[in-house]
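Heads up: the structure comes next, in C-alpha cells.
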Amino acid sequence: MSVYEHFKGDEAFVSKALDYKNQAQNGRMVLTKFLNPHEQDVVHSVVGNSCAVHAEGGFVDAESKRLIIAPDYYEIYPEDFKIKVYEVHYSEKFEHLGHRDVLGALMHLGMNRDCFGDIDQHPLAFAVCEENSEYVLLNLKKIKKSSIRLSEHDFSLALNQQFKKKELVASSLRLDKILGLLYGLSRGKSVDAIKAQYVKVNHKIIEQTDYLCNNNDIISFRHHGRVKLVVTDRVTKAGNYVVEGLFYL
C-alpha cells in the first residue's frame, strides 16, 4: 500500500515529507519552515525511525515549530533552528493589541503563514524564521494605529493563551452542528463553509459535514478565528450535550 493511502487530503505535504526523509538519508540536514501540529505529526509518521526529527518553536510549549530532519549522528543546537523571537512594545494608553492584530500585521507584510510561528499574549511576542527577521524589523513599525518597537527575546517565554468561554448546548457533535453553534451560523452556511475547505479540525482541513468532533478538538474557521471544544460530562434533560467553546483571543 502506498504511503499516501494513510494521509488522505495531505498528499502534497506527504511528498514534501518524503523529500525531507530522502535528503536526510543521504546525509543532509533539512530545516523546515514553521509547521502546525498536524504537519509535524505527518513528518514524524513519514520519517519513522529512518533518521532523527528535532523540533523547536521559540517558545516553551510552542504549538508551531520548525523541524530539523537529519541523520542520527548529527548534533543539533538551538541556533540551528534559525528562529528569532521578538517582543512587541507599544503604548497601551489608547489601544490594546492582541494575537489577531499581530497576525494581521505580519500577513499584511506579504509573509506566508509558515514564515512565523506562535504569537504570545503576555508579553505580546512572536516567533519568526531568521531568514525573514530582517525584513520584519525593517517593515513592521505599526500595528493598527499603534507605533511599535521590537526587541529580541530568548526562548524562555511560555505561551500564555487567553480564551473567552461560552457554554452551549449541542444536539449533536457533528462538525456542521458544532460549527453553526459556535459561530452562530445556519446549518446551510456551516455546510457550505466545510465543503469550501474553510474549516480545520486540529489543523487539518475536514470536508465531511458529519465528522464527529471530540473533546479538546481545536476548530478553525477561516477569517473567524479558532476555538477549543470542551465536551463536558453534563447532559440536559433532553439528552443534549453541554459543551464549552474556548475562543482564542
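The values are calculated or read from the model by the stated rules, or taken from the named source; none is laboratory data. No experiment lies behind these values; they were computed from the predicted model shown. For neighbour counting, all protein chains shown are included, and Cβ atoms are generated from backbone atoms with ideal geometry for every residue, glycine included. Please note that ligands, DNA and RNA were not included when accessible areas were found on the heavy atoms of the full protein model with its side chains. Shrake-Rupley method; radii C 1.70, N 1.55, O 1.52, S 1.80 Å.
In table form, for the structure just shown:
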read-out	value
Distance-filtered residues of the stretch 78-103 - backbone nitrogen under 20 Å, label point 7 angstrom along Lys142 Cα→Cβ	88-103
In sequence order, calculated HN-Hα J values of the stretch 160-177 (Karplus, 6.51, -1.76, 1.60; Hz; x Gly/Pro)	10, 6, 10, 10, 10, 9, 10, 9, 9, 10, 10, 7, 7, 9, 4, 4, 5, 5
Cα principal axis extents for the stretch 81-143, largest first, Å	35, 20, 17
Whole-angstrom gap from the stretch 83-160 to the stretch 186-249, using each part's C-alpha centre	28 Å
Where labels lie 7 Å past Cα in the beta-carbon direction, separation of Tyr135 and Gln121 in nm	3.0 nm
Set Lys84/Lys141; Lys33/Lys195; Lys93/Lys142; Lys16/Lys204; Lys33/Lys65; Lys33/Lys144 screened for pairs whose C-alpha atoms are more than 19 Å apart	Lys33/Lys195; Lys33/Lys144
Value of [θ]222 nm, deg cm²/dmol, for the chain, DSSP H segments ≥ 4, -39500 (n - 2.57) each, nearest 500	-7500 deg cm²/dmol
Spatial extent of the stretch 1-81: Rg and Dmax, with the Cα atoms as the point set, Å	12.4, 39
GNM top mover of Ala170, Ala62, Ala127 - the chain, alpha-carbon springs below 10 Å	Ala170
Heavy-atom accessible area per residue - the chain, 1.4 Å, Å²	54 Å²
Among Ile119, Ile218, Ile76: highest mean-square fluctuation, GNM of the chain, C-alpha pairs under 10 Å	Ile76
Most mobile listed residue (Lys237, Lys16, Lys84) in the chain, GNM with C-alpha springs under 10 Å	Lys237
Backbone HN-Hα couplings from phi across the stretch 209-218 [Karplus 6.51/-1.76/1.60, Hz, Gly and Pro as x]	5, 9, 4, 8, 6, 10, 4, 6, 5, 9
